[in-house]
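Have a look at the structure below before the remarks.
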Amino acid sequence: MKLLVPVKRVVDFNVKIRVKPDGSGVELANVKMSMNPFDEIAVEEAVRLKEQGKVTEVVAVSVGPAQAAETLRTALAMGADRGILVKTDATVEPLAVAKILKKVVEQESPQLVIMGKQAIDDDSNQTGQMLAALLGWPQGTFAFKVSLNAGTIDVTREVDGGLQTVGLKLPAIVTTDLRLNEPRYASLPNIMKAKKKPLDETTPEALGVDVAPRLKVLKTAEPGGRKAGVKVGSVAELVNKLKTEAGVL
């Protein structure tokens with residue numbers, strides 16, 4: 001059984017984001033980049049399923065610039081078998097990514113796609129759902145726990161009332177939440193082995209996908225600083241401030 005894991009190259013979560021002086025976007029020059037944390041969880045879950053003997057091959061795929069190959073090498077070092085880089089320097093929106101992944105799925109014919117529920121740079125939380133719609137596959141989002149069986153997969157999700165388990169027929173799409181697992185660190189020997197694993201390259205044009213943006217960003221600005229809190233002497237004073245100053249009542 002083949003499993004596909006999309007991974008994205010994003011600004012490292014430990015880096016403080018800075019906006020460009022002209023407000024045209026986020027400063028990426030000389031900034032540490034790494035794999036999206038939700039995608040790390042997806043790779044870890046895929047590798048665990050392979051170690052359990054339920055999956056025979058794990059294929060990692062990334063859409064982005066040439067540097068995204070480093071992100072794919074990280075996935076290979078974690079245990080993925082091979083990687084596919086869809087190379088483009090353009091800013092690719094979630095719908096375009098979903099269309100690209102649909103083409104890759106049609107070429108690779110995996111039985112399961114596990115991917116992070118969102119990326120920490122744009123927080124769109126759309127690609128998994130869009131891919132499921134384009135393919136006509138069932139989807140299990142925000143996975144807290146997964147159980148892969150013969151021809152089916154059970155996805156446990158955290159909901160307001162506790163936990164909900166949905167049963168899906170394969171092929172299917174699963175998006176991962178933070179508490180699904182704890183990703184492993186890539187060891188030095190595995191990093192060296194990853195350099196020898198196959199890494200294929202293609203482009204959106206070769207796949208027949210138009211990645212031209214549908215949205216236009218007018219301006220990017222940092223959020224305003226938080227005001228200092230104040231103490232109130234009574235409930236009545238609190239209610240009054242909420243009405244007159246905060247305007248929330």
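When only residues in segment 1-16 that are in a loop (DSSP other than H, G, I, E, B) and among the charged types (D, E, K, R) count, which is nearest to Val105 (Cα to Cα)?
Restricting to residues being in a loop (DSSP other than H, G, I, E, B) and among the charged types (D, E, K, R), the top hit is Lys8.
Pairs meeting the criteria (first residue in segment 1-16 and more than 13 Å from Val47 (Cα to Cα), second residue at pLDDT below 95 and of a type in the set (Lys, Arg), beta carbons under 8 Å, at least 6 apart or on different chains) are Val11/Lys32; Asp12/Lys32; Asn14/Lys32; Val15/Lys32.
Among the residues of segment 33-60, the ones that are touching a helix residue (DSSP H, G or I) at 6+ places or on another chain (Cβ under 8 Å), assigned to a loop (DSSP other than H, G, I, E, B) and more than 15 Å from Leu112 (Cβ to Cβ) come to 0 in all. Applying a threshold of 9 Å to beta carbon distances and a minimum spacing of six or more residues, or different chains, the list of pairs starting in segment 121-139 at a residue that is closer than 16 Å to Asp39 by Cβ and ending at one that is surrounded by 16 or more Cβ atoms within 10 Å (Cβ to Cβ) and acidic (Asp, Glu) reads Asp122/Glu93; Ser124/Glu93; Gln126/Glu93. The single residue among Val19, Val113 that is over 21 Å from Lys195 (Cα atoms), at pLDDT 95 or above and β-branched (Val, Ile, Thr) turns out to be Val113. Of all residues in segment 184-215, exactly one satisfies the criterion of being over 26 Å from Ile100 (Cα atoms) and touching an Asp or Glu at 6+ places or on another chain (Cβ under 7 Å), namely Arg184. Would you check if Thr176 is in contact with a Gly (Cβ under 8 Å, 6 or more places away or on another chain), touching a residue at least 24 places away in the same chain (Cβ under 8 Å), surrounded by 14 or more Cβ atoms within 10 Å (Cβ to Cβ) and under 26 Å from Gln67 (Cβ atoms)? Judged against the criteria, Thr176 is a match. Of the residues that make up segment 215-237, is at least one of a type in the set (A, V, I, L, M, F, W, C), over 30 Å from Ser62 (Cα atoms), in a helix (DSSP H, G or I) and free of Cβ contacts under 8 Å to residues at least 12 places away in the same chain? Yes, segment 215-237 contains at least one residue that is of a type in the set (A, V, I, L, M, F, W, C), over 30 Å from Ser62 (Cα atoms), in a helix (DSSP H, G or I) and free of Cβ contacts under 8 Å to residues at least 12 places away in the same chain. Residues in segment 21-55 that are more than 20 Å from Thr71 (Cβ to Cβ) and in contact with a strand residue (DSSP E or B) (Cβ under 7 Å, 6 or more places away or on another chain): Leu49, Lys54, Val55. Of the residues making up segment 185-192, one or more are in a loop (DSSP other than H, G, I, E, B) and touching a residue at least 40 places away in the same chain (Cβ under 8 Å). Considering segment 41-65, the residues that are acidic (Asp, Glu) and surrounded by fewer than 16 Cβ atoms within 10 Å (Cβ to Cβ) include one that is nearest to the chain's Cα centre (by Cα), namely Glu57.
Asn240: of a type outside the set (Gly, Ala, Ser) and free of Cβ contacts under 8 Å to residues at least 12 places away in the same chain, yes or no? So Asn240 passes the test. Of everything in segment 163-196, what is among the charged types (D, E, K, R) and within 30 Å of Thr152 (Cβ to Cβ)? Give them in sequence order. Of everything in segment 163-196, those that are among the charged types (D, E, K, R) and within 30 Å of Thr152 (Cβ to Cβ) turn out to be Lys169, Asp177, Arg179, Glu182, Arg184.
Tell me the residue from Val26, Val47, Val55, Val43 that is touching a Gly at 6+ places or on another chain (Cβ under 7 Å) and farther than 12 Å from Arg9 by Cα, please. None of the others qualify; the one that does is Val47.
Which residue is farthest from Pro21 (Cα to Cα), if the candidates are limited to segment 204-249 and must be among the charged types (D, E, K, R) and more than 39 Å from the chain's Cα centre (by Cα)?
It comes out as Glu237.
The values are calculated or read from the model by the stated rules, or taken from the named source; none is laboratory data. These numbers were taken from a predicted model, which means no experiment stands behind them. Neighbour counts run over all protein chains shown; Cβ positions are idealised from the backbone, glycine included.
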